[in-house]
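Novice: This is the structure I have questions about; it appears just below.
The values are calculated or read from the model by the stated rules, or taken from the named source; none is laboratory data. Keep in mind the model is a prediction, meaning the values are calculated, not measured. Every residue, glycine as well, gets a Cβ built from its backbone with ideal geometry; the counts of neighbours run over all protein chains shown. Ligands, DNA and RNA are excluded from the accessible area calculation, which covers all protein heavy atoms including side chains. Shrake-Rupley method; radii C 1.70, N 1.55, O 1.52, S 1.80 Å.
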Amino acid sequence: MKTERFSDKPKRQLSLQSAMLMIALLFSFVGLQAQVPVELKLKDALNYAVKANQNAKKARLDEENSQYRIDEVRARALPQVNGSASLAHNPLLQMSALPNIFGPNPNPNETILVAFGQKWNANAGVSLNQALFDKSVLTGLSAAKATQEFYKLSAQLTEEQVIEQVATNYYQVLVQRQQLGVLDSTIKNTTRVQQILQSQHENGLAKKIDVDRIAVNISNLNSQRQQLVNTLSLLENQLKFYMGMPIQTPITIPDADVNSIQPQAVAATDSVNVESRLEYRLLKQQEELLTLQKEAYKSEYYPSLSLSGNYSYQGMGNKVPVFKGQEQGVNWFDAASVSLNLRVPIFNGGATKARIKQADVSIKKLNEDLDNTTLALNLAFENAKTQINNSIITLNNQQENVRLAQEVFFNTQNNYNNGLATLTDLLNAETSLTQAQNSYSAALLNYRVAEIQLVKSQGQLKSLLN
């Protein structure tokens with residue numbers, strides 16, 4: 001029996017090791033699955049951000065909360081019903097001094113002390129109060145509905161701000177990547193030139209200082225490349241932050257189809273309808289709220305009318321009255337009342353008048369904000385138009401540079417084939433052509449960034465979601 005136990009032990013160890021290996025492989029597989037990069041197109045990034053961005057979520061929660069505020073104000077117009085119950089014990093009853101007019105030998109000139117009440121008192125009742133007319137309630141209900149519209153507009157504006165941040169940062173990543181591509185092509189061609197110079201130096205056809213100079217140049221280019229790589233990583237992390245995506249999530253952004261970009265100039269006569277912008281509408285809604293606040297202060301001058309009713313059932317005795325009747329010396333009786341209550345404000349020291357004046361000042365300040373916002377929105381639109389048109393001028397210049405670089409490259413290539421140009425000249429011409437083409441692509445992406453500002457100034461940022 002002992003031999004069998006010792007022979008089973010290695011088997012159990014082997015099976016345990018196998019299980020642990022399987023678990024390790026499973027976690028490794030899950031880890032690899034979690035590290036699969038997420039491909040992000042612009043629309044995907046924008047739709048993700050609208051749902052996941054924390055500011056957008058908070059704005060939607062504020063919009064949801066506004067409905068509960070309406071419910072709270074509406075409750076003031078509904079009946080208010082309250083129940084109450086109490087049980088009181090009076091170890092020492094209150095004594096009252098009375099003339100002695102009681103008993104068989106009354107003497108009015110004599111004062112006696114008489115205890116009133118019972119040692120135990122139980123009471124249960126219900127009360128109701130209904131506002132019949134209260135202008136502050138009506139004004140508050142209108143203000144709550146206006147507040148709901150305010151938060152709805154605020155949520156839409158927050159979404160637009162998130163879309164602008166994500167779209168701008170998305171194209172900044174592409175522009176940075178384009179610059180990285182330009183630098184990579186420069187490093188590649190410069191390295192080829194270095195190899196040629198090194199070979200020429202070994203054959204005595206080039207100076208060592210030229211070889212050292214180009215080595216320093218390549219070192220500087222590699223340093224610039226590392227800086228661009230670091231900046232690109234920072235931009236990608238910033239993009240994930242704006243989207244509300246976990247920073248640890250790996251992402252890939254596909255190369256932009258620059259051929260699909262069709263630049264269009266904006267006519268100088270174009271204008272924007274400022275009143276349709278969310279920034280302006282939000283201020284107008286705030287103006288309505290301030291006006292309602294002023295009306296709420298004015299409602300303090302109005303009388304209020306309410307209806308109230310009370311019903312109670314009371315028991316008194318020298319014993320605990322609960323579950324006892326007259327046989328145990330406890331008397332029970334009920335009482336009810338209905339009243340119509342009118343409250344008329346007469347004088348409060350001018351406090352209401354002061355609050356109304358403060359509301360007037362707030363409205364005047366908001367009107368100044370409206371004028372300033374109108375100027376700012378028009379300024380943003382004009383600047384966006386100028387930026388778009390300047391981007392088109394830059395694109396035309398870059399396109400001409402590409403044409404000239406192509407012409408220089410083809411001429412240099414023909415001269416090289418005919419022995420009239422060196423290989424270094426050919427490589428330099430190829431580098432210039434690559435840089436011109438990449439600069440043109442970067443200019444197209446910068447046009448996209450300018451286009452986002454134009455779309456924003458026109459109040460059409462949500463069109464990017466489609």
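Novice: Need the failing condition index for Leu464 against (1) among the aliphatic types (A, V, I, L, M); (2) over 21 Å from Pro263 (Cβ atoms); (3) open to solvent by 40 Å² or more (accessible area, probe 1.4 Å), just the number.
Specialist: With respect to (1) among the aliphatic types (A, V, I, L, M); (2) over 21 Å from Pro263 (Cβ atoms); (3) open to solvent by 40 Å² or more (accessible area, probe 1.4 Å), Leu464 is out only on (2).
Novice: So, of the residues in the range 260-269 that are without any contact (Cβ under 8 Å) to a residue 60 or more places away in the chain and open to solvent by less than 70 Å² (accessible area, probe 1.4 Å), which turns out to be nearest to Ala45 (Cα to Cα)?
Specialist: Restricting to residues being without any contact (Cβ under 8 Å) to a residue 60 or more places away in the chain and open to solvent by less than 70 Å² (accessible area, probe 1.4 Å), the top hit is Ser260.
Novice: State whether the residues of the range 416-430 include one that is within 39 Å of the chain's Cα centre (by Cα) and on the phi < 0 side of the Ramachandran plot.
Specialist: Scanning the range 416-430, I find no residue that is within 39 Å of the chain's Cα centre (by Cα) and on the phi < 0 side of the Ramachandran plot, so the answer is no.
Novice: Taking the range 340-360 on its own, how many of its residues are closer than 22 Å to Leu290 by Cα, of a type in the set (Val, Ile, Thr) and open to solvent by 80 Å² or more (accessible area, probe 1.4 Å)?
Specialist: 0
Novice: Could you list, in sequence order, the residues of the range 379-420 that are among the hydrophobic types (A, V, I, L, M, F, W, C) and not in a helix (DSSP H, G or I)?
Specialist: Within the range 379-420, Leu420 is the sole residue that qualifies.
Novice: Tally the residues that are out of contact with any helix residue (DSSP H, G or I) (no Cβ under 8 Å at 6 or more places or on another chain), farther than 28 Å from Lys58 by Cα and among the polar types (S, T, N, Q), restricting the search to the range 265-277.
Specialist: 2
Novice: For residues in the range 361-389 being open to solvent by 60 Å² or more (accessible area, probe 1.4 Å) and among the hydrophobic types (A, V, I, L, M, F, W, C), which is farthest from the chain's Cα centre (by Cα)?
Specialist: Per the criteria, the residue is Val361.
Novice: State which residue is surrounded by the most Cβ atoms within 10 Å (Cβ to Cβ) when the search covers only the range 216-259 and only residues that are among the small types (Gly, Ala, Ser) and at pLDDT 90 or above.
Specialist: Gly244
Novice: Return the only residue of Lys152, Lys207, Lys119, Lys145 being charged (D, E, K, R), under 30 Å from Gln224 (Cα atoms) and either touching a strand residue (DSSP E or B) at 6+ places or on another chain (Cβ under 6 Å) or open to solvent by 50 Å² or more (accessible area, probe 1.4 Å) (or both).
Specialist: Exactly one of Lys152, Lys207, Lys119, Lys145 is charged (D, E, K, R), under 30 Å from Gln224 (Cα atoms) and either touching a strand residue (DSSP E or B) at 6+ places or on another chain (Cβ under 6 Å) or open to solvent by 50 Å² or more (accessible area, probe 1.4 Å) (or both), namely Lys207.
Novice: Quick one: which helices (runs of 4 or more DSSP H) sit completely within the range 1-116 and have at least 1 residues that are at pLDDT 80 or above and among the polar types (S, T, N, Q)?
Specialist: Per the criteria, 42-52, 54-75.
Novice: Quickly run through the range 64-83 and pick out the residues that are open to solvent by 60 Å² or more (accessible area, probe 1.4 Å) and touching a residue at least 60 places away in the same chain (Cβ under 8 Å).
Specialist: The answer is Asn65, Gln67, Arg69, Glu72, Arg74, Arg76.
Novice: Does Thr434 meet the test of being among the hydroxyl-bearing types (Ser, Thr, Tyr) and either within 30 Å of Leu290 (Cβ to Cβ) or in contact with a Ser or Thr (Cβ under 7 Å, 6 or more places away or on another chain) (or both)?
Specialist: Yes.
Novice: Hey, among the residues in the range 125-142 that are of a type in the set (Ser, Thr, Tyr) and open to solvent by less than 50 Å² (accessible area, probe 1.4 Å), which one's modelled with the highest pLDDT?
Specialist: Applying the filter and picking the extreme gives Ser127.
Novice: Can you tell me which residue in the range 390-411 is farthest from the chain's Cα centre (by Cα), limited to those that are open to solvent by less than 50 Å² (accessible area, probe 1.4 Å) and within 16 Å of Arg448 (Cα to Cα)?
Specialist: Gln398
Novice: Does Thr191 satisfy the criteria of being among the hydroxyl-bearing types (Ser, Thr, Tyr), buried (at least 17 other Cβ atoms within 10 Å of the Cβ) and over 40 Å from the mean Cα position of the chain (by Cα)?
Specialist: Criteria not met by Thr191.
Novice: Can you tell me which residue within the range 336-351, out of those that are part of a strand (DSSP E or B) and of a type outside the set (S, T, N, Q), is nearest to Pro303 (Cα to Cα)?
Specialist: Among those residues, the one meeting the criterion is Arg343.
Residue-by-condition table, conditions (1) part of a helix (DSSP H, G or I); (2) closer than 30 Å to Leu40 by Cα; (3) among the charged types (D, E, K, R):
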position	(1), (2), (3)
Gln224	yes, yes, no
Val229	yes, yes, no
Val272	no, no, no
Glu288	yes, no, yes
Gly315	no, no, no
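Novice: Something else now. Pick out the one residue from Tyr311, Tyr280, Tyr302 that is under 30 Å from Gln358 (Cα atoms), open to solvent by 80 Å² or more (accessible area, probe 1.4 Å) and of a type in the set (Ser, Thr, Tyr).
Specialist: Tyr302
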